[in-house]
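The values are calculated or read from the model by the stated rules, or taken from the named source; none is laboratory data. All of these numbers come straight from a predicted model, not from anything done at the bench. In this analysis, Cβ positions are derived from the backbone assuming ideal geometry, glycine residues included, and neighbour counts consider all displayed protein chains.
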Amino acid sequence: MKDSVTGMVAAILGMIPEGLYLLASVAMVVSVMRLGKQKVLIHDMKCIETLARVNVLCVDKTGTITVPEMEVAQFILAKDQNLAAEEEKNKVAKTISDCVRALPCDNATMEALQQYFTEPMENSAEKIVPFSSATKYSGVVLAGKAYVVGAPEFVLRQDYAAVQGTIEVFLEKGYRVLVFAEYEGNLDGKELTENATPIAFILLNNAIREGAMDTFRYFSKRGVEVKVISGDNPVTVSEIAKKAGI
């Protein structure tokens, strides 16, 4: 009788406002402790309840699926890339090095470029245009010539179709592709309006973050759909997402 009454009273107390408040608080505290043991930091206690109702999880690519650090895998000459002499490739590497070393190291992409292209500067920059997320390129004027490095679609514009097949081969392998090109117009930090002649394609990649596949597998088993939202090329993002198990 004693156990029955105690159990009944405990159950009824949980159904009234005073008891519900206590039980909810205890449940959240216990949940926070359990997550803490799995190295999850809780910023707001009510996120436990919010997370329990999630059915779609949106994630970024860089820094979430992959590590934030980028690295240059290689660069390939745009013209006669299979027959290009080593001397010509070295010459282009020096030009790229002069450009990237003149630009401010204000993002992960530029940091990767400066770590890969380390040739001593031969020409000092006459003018620099830092990277802008609106225009998708950086620019430098060297010895009277304007050079830009950025997203092929934005740099080459109407001429992108001519090299699209070559670039998509790299995108399908999960690389992020930048184009280094000579620009015929005046660099003013605004959208490019004149022709840009591609000189080289620079291939970058990010390693998949450790534990990312296990995390996405965990959500998948619980019916949570994962969506990737990224500013990178859709083909590249899709390939990285596949490697991460999304």
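Among the candidates Tyr183, Tyr218, which residue alone is within 16 Å of Ala78 (Cβ to Cβ), out of contact with any Pro (no Cβ under 9 Å at 6 or more places or on another chain) and of a type outside the set (Lys, Arg)?
On the way: Tyr218 fails: within 16 Å of Ala78 (Cβ to Cβ).
On inspection, the qualifying residue turns out to be Tyr183.
Residues in the range 86-109: is at least one within 19 Å of Leu171 (Cβ to Cβ) and outside any loop (DSSP other than H, G, I, E, B)? Break it down stepwise before answering.
Keep residues of the range 86-109 that are within 19 Å of Leu171 (Cβ to Cβ), which gives 108-109.
This time we only want the ones that are outside any loop (DSSP other than H, G, I, E, B), so: 108-109.
The answer is yes; a qualifying residue exists.
For the range 205-240, which residues satisfy the criterion of being in contact with a strand residue (DSSP E or B) (Cβ under 7 Å, 6 or more places away or on another chain), at pLDDT 90 or above and either closer than 25 Å to Ala161 by Cβ or among the aliphatic types (A, V, I, L, M) (or both)?
Val224, Val226, Val228, Ile229
Where the second residue is exposed (fewer than 11 other Cβ atoms within 10 Å of the Cβ) and the first is on the phi > 0 side of the Ramachandran plot and lies in the range 25-38, which pairs have Cβ atoms under 7 Å and are six or more apart or on separate chains?
none
Can you give me the ranges of the helices (runs of 4 or more DSSP H) entirely in the range 140-243 with at least 1 residues that are closer than 30 Å to Leu51 by Cβ? Spell out the reasoning first.
Values: elements: 152-156, 160-171, 212-221, 234-243.
By residue number, 212-221, 234-243.
Please work out which residue is surrounded by the fewest Cβ atoms within 10 Å (Cβ to Cβ), limiting yourself to the range 187-229 and to residues that are among the polar types (S, T, N, Q) and out of contact with any Asp or Glu (no Cβ under 6 Å at 6 or more places or on another chain).
We begin by selecting, within the range 187-229, every residue among the polar types (S, T, N, Q); these are 193, 195, 197, 205-206, 215, 220.
Next, from what is left, pick out any that are out of contact with any Asp or Glu (no Cβ under 6 Å at 6 or more places or on another chain): 193, 205-206, 215, 220.
Numbers: Thr193: 11, Asn205: 18, Asn206: 23, Thr215: 17, Ser220: 14.
This residue is Thr193.
Given the conditions (1) within 23 Å of Pro68 (Cα to Cα); (2) of a type in the set (Gly, Ala, Ser); (3) loosely packed, with under 14 Cβ neighbours inside 10 Å, and given that Gly144 satisfies all but one, which numbered condition is not satisfied?
(1)
Can you name the residue in the range 30-50 that is surrounded by 12 or more Cβ atoms within 10 Å (Cβ to Cβ) and assigned to a helix (DSSP H, G or I) and is also farthest from the chain's Cα centre (by Cα) among such residues? Talk me through it step by step, then tell me what you get.
To start, the set of residues in the range 30-50 that are surrounded by 12 or more Cβ atoms within 10 Å (Cβ to Cβ) comprises 31-32, 35, 42, 45, 47-49.
Next cut, assigned to a helix (DSSP H, G or I) only: 31-32, 35, 47-49.
Values: Ser31: 31, Val32: 30, Leu35: 27, Cys47: 26, Ile48: 28, Glu49: 30 Å.
Per the stated criteria, the residue is Ser31.
Just to be sure I understand, how many residues within the range 124-139 are assigned to a strand (DSSP E or B) and charged (D, E, K, R)? Steps first, answer last, please.
Of the range 124-139, the ones assigned to a strand (DSSP E or B) are 127-132, 137-139.
Pick out the ones that are also charged (D, E, K, R) and you get 127.
Number satisfying all stated conditions: 1.
Can you name the residue in the range 104-130 that is within 11 Å of Met70 (Cα to Cα) and of a type in the set (A, V, I, L, M) and is also surrounded by the most Cβ atoms within 10 Å (Cβ to Cβ) among such residues?
The selected residue is Leu113.
Is it true that Arg176 is surrounded by 19 or more Cβ atoms within 10 Å (Cβ to Cβ), in contact (Cβ under 8 Å) with a residue 40 or more places away in the chain and among the basic types (Lys, Arg)? Walk me through how you get there before you give the answer.
Details: surrounded by 19 or more Cβ atoms within 10 Å (Cβ to Cβ): yes; in contact (Cβ under 8 Å) with a residue 40 or more places away in the chain: yes; among the basic types (Lys, Arg): yes.
Answer is yes for this residue.
Could you check Val5 against (1) within 23 Å of the chain's Cα centre (by Cα); (2) at pLDDT 90 or above; (3) β-branched (Val, Ile, Thr) and say which number it fails?
In the conditions (1) within 23 Å of the chain's Cα centre (by Cα); (2) at pLDDT 90 or above; (3) β-branched (Val, Ile, Thr), Val5 misses (1) alone.
Could you tell me whether Thr135 is closer than 16 Å to Val149 by Cα, in contact (Cβ under 8 Å) with a residue 24 or more places away in the chain and within 19 Å of the chain's Cα centre (by Cα)? First the steps, then the outcome.
Values: closer than 16 Å to Val149 by Cα: yes; in contact (Cβ under 8 Å) with a residue 24 or more places away in the chain: yes; within 19 Å of the chain's Cα centre (by Cα): yes.
So Thr135 passes the test.
Name every residue in the range 116-126 that is of a type outside the set (Asp, Glu) and at pLDDT below 90, in order of residue number. Walk me through it before giving the result.
Here is the first cut: in the range 116-126, the ones of a type outside the set (Asp, Glu) are 116-118, 120-121, 123-125.
Listed by number, the residues that qualify are Thr118, Pro120, Met121, Asn123, Ser124, Ala125.
Please work out which one of (1) loosely packed, with under 13 Cβ neighbours inside 10 Å; (2) at pLDDT below 90; (3) touching an Asp or Glu at 6+ places or on another chain (Cβ under 7 Å) is the condition Asn55 fails and give its number.
All conditions pass for Asn55, except number (2).
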